[in-house]
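Only one structure is covered here, and it is reproduced in the block below.
The values are calculated or read from the model by the stated rules, or taken from the named source; none is laboratory data. On a predicted model such as this, the values are computed, not experimentally measured, just so you know. Virtual Cβ from ideal backbone geometry, glycine too; neighbours counted across all protein chains shown.
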């Protein structure tokens, strides 16, 4: 049973339900109060207001008669408070397994082993092992928020509650909130992605937080993110750092709802694109060592060609110079000089989790060429360029625009 559960949870192929989650219709949410934390009303009311659809609360362990979890079949995302309850009926266990296996959005608050029935292993789901109280139950002295769309609009997060310690955080679990007591730290929130599957877990959950506007916004954002919906107001994140398989000073760039890329201004191109979140810079901040930043997700596009965008043909002299970047309406635009011509590049998400590279080219007498490398995990399409097999040319002396779209190939399960 556990193997079937893990196959559903971590399998690669998204269902049609997961693919449909990109729709902009109001997000239907179920709040599963398996812990009996009261009152959940303020959180459900806030989710209803923010997400634009009624957030239904179900209490499977209510003493007056538990609610069925069949409401999950009509939801695009769900919040589990601690869990569905250890005494969930066999039919409800099946509904939860079906829901998570469908690729719907999953947000878990303060998961405990006692709140999950046998056959639904919480440790495999959240990627951590719930332990005892952190720092002997002392309240957080500091809370650090790391870059992520889930934290859009969240300028502070404060609580006096004690939190559970979560051990053995999985390698694919990316921490987005960290708490500190004295000299020790603990993860307070993290996310996981496998293919189209997304989960967010928060160690913080109590009645006071359920009424906190910043906490409410954070959970609403987490539901949108986990259901692969755009998070309003989320911005592209840019950091110049030491990236794997790139020259020092490369850029880590993450678009608001996917994907992420490494832009190498020395090599002169996009070194790779991955389906995942922003890089984890925390180890470098702590150790101050020269190790590459860590990133989470699957790489589906790679380049190795030296300065593939150049003046003249591919055998001509490389005249690529990086001139910096600026923010336009909060989004980065990178500036190059190639053969005396100004070239500006910006990025946008493409359908299916791909990447759209947009170029503006200034006037100049020298045509530009770009070498397009074959890709195992992606297809590359162009617009505004003349194609000759893997070579593409921009020959308009007056300048203009062209685009390169990197389309991620559909994942196939044997």
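So, of the residues in segment 289-309 that are touching a residue at least 60 places away in the same chain (Cβ under 8 Å) and part of a strand (DSSP E or B), which turns out to be nearest to the chain's Cα centre (by Cα)?
Selected residue: 298.
If residue 194 satisfies all but one of (1) surrounded by fewer than 19 Cβ atoms within 10 Å (Cβ to Cβ); (2) under 30 Å from residue 336 (Cα atoms); (3) touching a residue at least 60 places away in the same chain (Cβ under 8 Å), what's the number of the condition it fails?
Of (1) surrounded by fewer than 19 Cβ atoms within 10 Å (Cβ to Cβ); (2) under 30 Å from residue 336 (Cα atoms); (3) touching a residue at least 60 places away in the same chain (Cβ under 8 Å), only one is false for residue 194: (2).
Of the residues 204, 209, 199, 188, only one is assigned by TED's automatic domain parsing to the domain that holds residue 141 and assigned to a loop (DSSP other than H, G, I, E, B); which?
204
Do any strands (runs of 3 or more DSSP E) lying entirely in segment 314-356 carry at least 2 residues that are without any contact (Cβ under 8 Å) to a residue 40 or more places away in the chain, in contact with a helix residue (DSSP H, G or I) (Cβ under 8 Å, 6 or more places away or on another chain) and in the same structural domain as residue 277 (by TED's automatic domain parsing), and which ones are they?
Once the strands (runs of 3 or more DSSP E) in segment 314-356 are filtered for at least 2 residues that are without any contact (Cβ under 8 Å) to a residue 40 or more places away in the chain, in contact with a helix residue (DSSP H, G or I) (Cβ under 8 Å, 6 or more places away or on another chain) and in the same structural domain as residue 277 (by TED's automatic domain parsing), nothing remains.
Quick check on segment 388-399: of everything there that is farther than 17 Å from residue 374 by Cα and out of contact with any strand residue (DSSP E or B) (no Cβ under 6 Å at 6 or more places or on another chain), which residue is surrounded by the fewest Cβ atoms within 10 Å (Cβ to Cβ)?
398
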